[in-house]
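Chemist: Please find one structure pasted underneath; my questions will follow.
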Amino acid sequence: MVDFRITRPICEDFPQLFVNVVIVRDLDNRLSGKEAAARLETFVRSSEALLRHRFSSKGELAAEPLVSEYFDAFRRFGSNPKRVKPSHFALCDRVLRGGALPDINPAVNLYNAFSVRHIVPFGGEDLDKVDDFFELAYASGEEPWTPIGSDGPELVRKGDVTWRDASEVSTTSLNHRQCEKTKLTPSTRNAYFLTEGFYGTNDAVIASMTTEFTDRFHELFGGECQHFTIDREKPEVSV
């Protein structure tokens with residue numbers, strides 16, 4: 001049993017914030033078979049093309065409310081979005097500059113494609129690696145965090161908005177960068193996927209994306225999907 005929750009101070013400071021959570025059990029992240037791999041590759045490339053068609057420049061992207069709302073939130077909790085970028089902005093900027101989405105593993109490639117296709121932050125982690133609970137909370141500055149690719153832990157900035165479990169921080173600055181412990185790998189069997197949104201800005205976009213994602217994920221990776229939302233009115237769900 002894992003409790004997903006938003007702490008009260010976060011709810012009070014960001015009353016329009018909500019988090020959409022997709023849980024997938026018994027998935028197969030190896031994506032065996034040329035046909036399935038080709039379908040995923042086509043979806044990734046078409047998502048990049050759609051983004052390039054929609055935006056012609058980084059400045060145009062930054063002015064989009066689906067991005068600027070996160071810039072404002074980052075500034076409010078002390079992260080400079082020019083240096084510490086919201087995850088979806090960083091991915092979209094990479095693509096608009098002529099790059100391709102990173103090729104990490106099938107499940108990660110899929111959620112990154114959805115992120116740039118819908119212009120929303122979207123990340124996934126290994127559910128079996130979570131220790132007791134998973135919550136969005138202000139950091140005290142004493143929590144350990146081991147970024148993906150790092151050899152050891154470091155301390156997070158006091159006052160940062162982080163996702164954490166009972167042992168350590170998973171993601172800093174809301175959705176900026178993930179940790180080594182819970183990253184998705186080809187051997188992951190149970191996973192959760194998070195999208196932080198703001199009511200009145202992108203709740204309809206995220207609702208539509210969630211339906212599309214669960215259908216496509218099941219088609220490619222199997223597994224049983226469920227999803228729920230936590231917010232100020234319902235800040236905690238146990239799964």
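The values are calculated or read from the model by the stated rules, or taken from the named source; none is laboratory data. Worth saying up front: this structure is predicted, and the values here are computed from it rather than measured. Counting neighbours? That spans all protein chains shown, and the Cβs are built from the backbone with ideal geometry, glycine included.
Chemist: Which one of the conditions (1) modelled with pLDDT under 95; (2) surrounded by 22 or more Cβ atoms within 10 Å (Cβ to Cβ) does Asn112 fail to meet, given that it meets all the rest?
Modeler: The one condition Asn112 does not meet is (1).
Chemist: For region 131-187, name all the residues that are aliphatic (A, V, I, L, M), out of contact with any Gly (no Cβ under 8 Å at 6 or more places or on another chain) and outside any strand (DSSP E or B).
Modeler: Just the residues of region 131-187 that are aliphatic (A, V, I, L, M), to begin with: 136-137, 139, 148, 155-156, 161, 166, 169, 174, 184.
Now drop any that are not out of contact with any Gly (no Cβ under 8 Å at 6 or more places or on another chain), which leaves 136-137, 148, 161, 166, 169, 174.
Those that are aliphatic (A, V, I, L, M), out of contact with any Gly (no Cβ under 8 Å at 6 or more places or on another chain) and outside any strand (DSSP E or B): Ile148, Ala166, Leu174.
Chemist: Also, quick follow-up: Just to check your reading of the model, which residue among Tyr70, Tyr111 is in contact with a strand residue (DSSP E or B) (Cβ under 7 Å, 6 or more places away or on another chain) and in a helix (DSSP H, G or I)? So that I can check it myself, show each step before the final result.
Modeler: Details: Tyr70 fails: in contact with a strand residue (DSSP E or B) (Cβ under 7 Å, 6 or more places away or on another chain).
The unique qualifying residue is Tyr111.
Chemist: Still on this model: Within region 188-212, restricting attention to residues that are among the small types (Gly, Ala, Ser) and in a helix (DSSP H, G or I), which residue is nearest to Asn20 (Cα to Cα)? Give the steps one after another, and end with the answer.
Modeler: Narrowing region 188-212 to residues among the small types (Gly, Ala, Ser): 191, 197, 200, 204, 207-208.
Restricting the remaining residues to those that are in a helix (DSSP H, G or I) gives 204, 207-208.
Details: Ala204: 12, Ala207: 8, Ser208: 12 Å.
In this case the residue turns out to be Ala207.
Chemist: To continue, here is another question. Residues of region 1-37 being in a helix (DSSP H, G or I) and either at pLDDT 95 or above or buried (at least 20 other Cβ atoms within 10 Å of the Cβ) (or both), which ones? It would help to see each step written out before you state the result.
Modeler: In the first step, residues of region 1-37 are kept if they are in a helix (DSSP H, G or I); the result is 8-13, 34-37.
Answer for region 1-37, where residues must be in a helix (DSSP H, G or I) and either at pLDDT 95 or above or buried (at least 20 other Cβ atoms within 10 Å of the Cβ) (or both): Arg8, Pro9, Ile10, Cys11, Glu12, Asp13.
Chemist: Moving on. Please state which of the following conditions Gln226 fails to meet, knowing it meets all the rest: (1) more than 20 Å from Phe14 (Cβ to Cβ); (2) assigned to a strand (DSSP E or B); (3) within 14 Å of the chain's Cα centre (by Cα).
Modeler: With (1) more than 20 Å from Phe14 (Cβ to Cβ); (2) assigned to a strand (DSSP E or B); (3) within 14 Å of the chain's Cα centre (by Cα) applied to Gln226, the lone miss is (3).
Chemist: Could you check Ile119 against (1) modelled with pLDDT of 95 or more; (2) touching a strand residue (DSSP E or B) at 6+ places or on another chain (Cβ under 9 Å); (3) surrounded by 18 or more Cβ atoms within 10 Å (Cβ to Cβ) and say which number it fails?
Modeler: (2)
Chemist: Are any of the residues in region 41-61 within 19 Å of the chain's Cα centre (by Cα), assigned to a helix (DSSP H, G or I) and of a type in the set (S, T, N, Q)? Spell out how you get there, then give the answer.
Modeler: Residues of region 41-61 that are within 19 Å of the chain's Cα centre (by Cα), as a first pass: 43-44, 47-48, 51, 61.
Keeping just the survivors that are assigned to a helix (DSSP H, G or I) gives 43-44, 47-48, 51, 61.
When the remaining residues are screened for being of a type in the set (S, T, N, Q), the result is 47.
Within region 41-61, one or more residues are within 19 Å of the chain's Cα centre (by Cα), assigned to a helix (DSSP H, G or I) and of a type in the set (S, T, N, Q).
Chemist: Under the condition of being farther than 28 Å from Val67 by Cβ and among the charged types (D, E, K, R), which residue from region 166-199 is surrounded by the fewest Cβ atoms within 10 Å (Cβ to Cβ)?
Modeler: At the first step, the residues of region 166-199 found to be farther than 28 Å from Val67 by Cβ are 166-168, 181, 185-190.
Next cut, among the charged types (D, E, K, R) only: 168, 181, 189.
Details: Glu168: 18, Lys181: 19, Arg189: 14.
My answer is Arg189.
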